[in-house]
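What follows is a single structure, written as structure tokens, with notes after it.
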Amino acid sequence: MYLTREEEDMLHGKMGPAVQKSMEILVALGEIYNAERMIPVNSVHMPGSSVVVAGDAGTEFVEEMAGTNVTFKARTTLNPAAIDFERWKELRIPDEYAKRQKKLSLAYKSMGAILSHTCTPYLTGNLPRIGEHVSWGESSAICFVNSIQGARTNREGGPSALASAITGRTPLYGLHLDENRKPRLLVKVSARLSSITDYGALGYYAGRVCKGENPYLTGIPTDASIDQLKMLGAALASSGSVALYHAKDVTPEARWAEEVTAKEGPKQTVELGEAELKKAYEDLSKAQSDEIDVVCIGCPHNSIYEIRDVARNLKSRKVNTNVRLWICTSCSVKSESDRMGYTKVIEQAGGIFMCDTCPVLSPVKEIAKRDGLKTIGTNSAKLAHYAPGQCNLYPHYGMLEKCISATISGRWN
Ligand code: F3S
């Protein structure tokens, strides 16, 4: 592939070993995908930020890079970690994870990463423009940045995102190119969508049909909120590895997507009505027992509005002593919640904030085994999808109001 003089210098080690290693990774990737050249990136979201995902080898690699004193060229935010840095003891996360996670996060910080530790970096300032080329990891964030912000990223893994942060480059292929941003499927939505769980169920059903291809959706309400669209994308990404969706009159590339669909014709047309939505709700609820051990709200990480809704639902109520209520969000959204008094309401009711982390990226599987936890209630299709495999918890899926009622009664009704 073509490299500029500066990129050649990077590859030949003139800018140090970390830059050289990073350029080798990116060139190898570019050659696999026939990229003709590199493109500059100034926004990276790092997927391998939890030691549960990075493992020992990934952590050592990041530390080795940091040990060369290299600094990131691109603005870089971090995905959730394995621990809440302030409350890991309270959450009874084993010490060993805390020790390893602190080392990993410090290594990223020393290279210039912002210790955001959230999967919703767009809510905390990593906000690329339409058409901007970026290198992002984390499936729900990738789907959001491509679809809602109209920026362009492939599905980056830990090493390639790190290499982009260090060099400020990514190979030009995949979703950076117009050709690969075209919709391939037409999804006609006639189901009435109101709660965020409807959007999650829709995404879950549609994702299984799309299987990684970009859909063009019609029938999405034009006043859909950012939280609803976030849930739609997270679910599409979980059940179908979808990295980009277009929605008529909603997403920034929708008009172009409509023209492409009209001109080239979709490979497949899918109708999605009330029956399909109902089926998705059923498929997402895999728990056999109505007894609830955990309720988790905040996958992807909660916005301040979602936390407000939790606080409103909980006011003057008490979490059942047999249930753990976990509220996942970033530290920056939590500090807004503190100011607004929502944190106090939630904590007085017995809820626990899980900042910087989430059940999938923390050692919840071990905690569930240790504490005999079996069922989880959630309003997140993504968490319901991953909970059995990643957390050993079997889900009930439903609206926030239903989740909070289960938190109080200890049963899913
Ligand atoms: Fe975020 Fe964890 Fe869910 S990374 S999208 S809260 S699985």
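Computed from the coordinates by the stated procedures, all read-outs in this text should not be read as laboratory data. Note that the structure is a prediction, hence the values are computed from the model and not measured. Cβ sites come from the backbone with ideal geometry, for glycine too, and all protein chains shown count toward neighbours.
In terms of the Cα gyration tensor, with a ≥ b ≥ c the square roots of its eigenvalues, is the range 109-206 rounded because a/c is under 1.5, prolate because a/b exceeds b/c, or oblate? Numbers along the way, then the final one.
Values: a/c = 2.56, a/b = 1.53, b/c = 1.67.
In terms of gyration-tensor shape, oblate.
Helix by helix through the chain, keep the DSSP H runs that span 18 Å or more along the axis on Cα and average at least 0.0 on Kyte-Doolittle, and give those back in order. Those that pass (Cα extent of 18 Å or more, hydropathy at least 0.0) are 17-32, 51-66, 196-210, 226-240.
Just checking the listed ones, Asp290, Asp84, Asp178: in the Gaussian network model of the chain with Cα springs under 10 Å, the one fluctuating most is Asp178. Spacing of the modelled spin labels on Ser190 and Thr269, each 7 Å from Cα toward Cβ, amounts to 1.2 nm. For the chain, a crude dipole built from +1 on the beta carbon of Lys and Arg and -1 on the beta carbon of Asp and Glu, taken about the Cα centre, is about 740 debye to the nearest 20. What shape does the range 5-176 take by its C-alpha gyration tensor, where a ≥ b ≥ c are the square roots of the eigenvalues and a/c under 1.5 counts as rounded, a/b above b/c as prolate, and the rest as oblate? The shape class here is oblate. In the Gaussian network model of the chain, springs joining C-alpha atoms below 10 Å, which of Gly207, Gly174, Gly233 carries the largest mean-square fluctuation? In this elastic network of the chain, the residue with the biggest mean-square fluctuation among Gly207, Gly174, Gly233 is Gly174. Here the Karplus curve 6.51 cos²θ - 1.76 cosθ + 1.60, taken at θ = phi - 60°, turns the phi angles of the range 187-194 into couplings of 10, 8, 9, 10, 5, 7, 10, 10 Hz, with x standing for Gly and Pro. Exposed loop positions in the chain were taken to be GluC sites (Glu not before Pro) whose DSSP state is not H, G, I, E or B and which have at most 14 other beta-carbon atoms within 10 angstrom. Between these positions, the longest stretch is 91-413. When the chain is treated as a GNM with alpha-carbon contacts under 10 Å, the residue of Lys182, Lys402, Lys267 showing the greatest mean-square fluctuation is Lys267.
Here the scattering of the range 182-282 is modelled by Debye summation over its C-alpha atoms, one equal scatterer each and no solvent; at q = 0.15, 0.16, 0.21 Å⁻¹ the log10 of I(q)/I(0) is -0.50, -0.57, -1.02.
The amide H of His133, built 1.01 Å from its N in the peptide plane, has Arg152 as neighbours under 5 Å, considering only residues 5 or more places off or on other chains. Rg/Rh, computed from the Cα trace of the chain with Rh as the Kirkwood radius, has the value 0.98. Qualifying chymotrypsin sites (Phe, Trp or Tyr not before Pro) in the range 18-96, where qualification requires a DSSP coil assignment and no more than 16 other C-beta atoms within 10 Å, comprise Tyr33, Phe85. For the range 30-88, the orientation-averaged shadow of the C-alpha convex hull comes to 5.8 nm² (one quarter of the hull surface).
The range 285-409: D in µm²/s via Stokes-Einstein (Kirkwood Rh, Cα pairs, 37 °C, 0.692 mPa s)?
Here the translational diffusion coefficient equals 232 µm²/s.
Once the Cβ-Cβ distance of Leu106 and Gln390 is raised to the sixth power relative to R0 = 30 Å, the FRET efficiency obtained is 0.70.
Computed extension gain for Ile130 through Ile32, at 0.36 nm per residue and net of the alpha carbon distance, reaches 32.6 nm. Here r is the Cβ-Cβ distance between Ser285 and Thr222 and R0 is 30 Å; the resulting FRET efficiency, rounded to 0.05, is 0.50. Between Gly168, Val51, Ile130, whose Cα lies farthest towards the positive end of the dipole of the range 5-176 when Lys and Arg beta carbons carry +1 and Asp and Glu beta carbons carry -1, centred on the Cα centre? The Cα lying farthest towards the positive end belongs to Ile130.
Beta bridges per DSSP, both residues in the chain: antiparallel share near 10 percent. For the range 182-282, the relative contact order is 43 percent, taking Cα pairs closer than 8 Å that sit 6 or more residues apart in sequence and dividing their mean separation by the residue count.
Its Cα gyration tensor gives the range 1-62 an equivalent ellipsoid, and the semi-axes of that ellipsoid, as √(5λ) in whole Å with the largest first, are 24, 14, 11.
Modelled spin-label separation between Glu24 and Ser409, with each label point placed 7 Å from Cα along the Cα-to-Cβ direction: 6.0 nm. Projecting the Cα atoms of Ser362, Cys328, Tyr342 onto the charge dipole of the chain (Cβ charges, centred on the Cα centre) puts Tyr342 farthest toward the positive pole.
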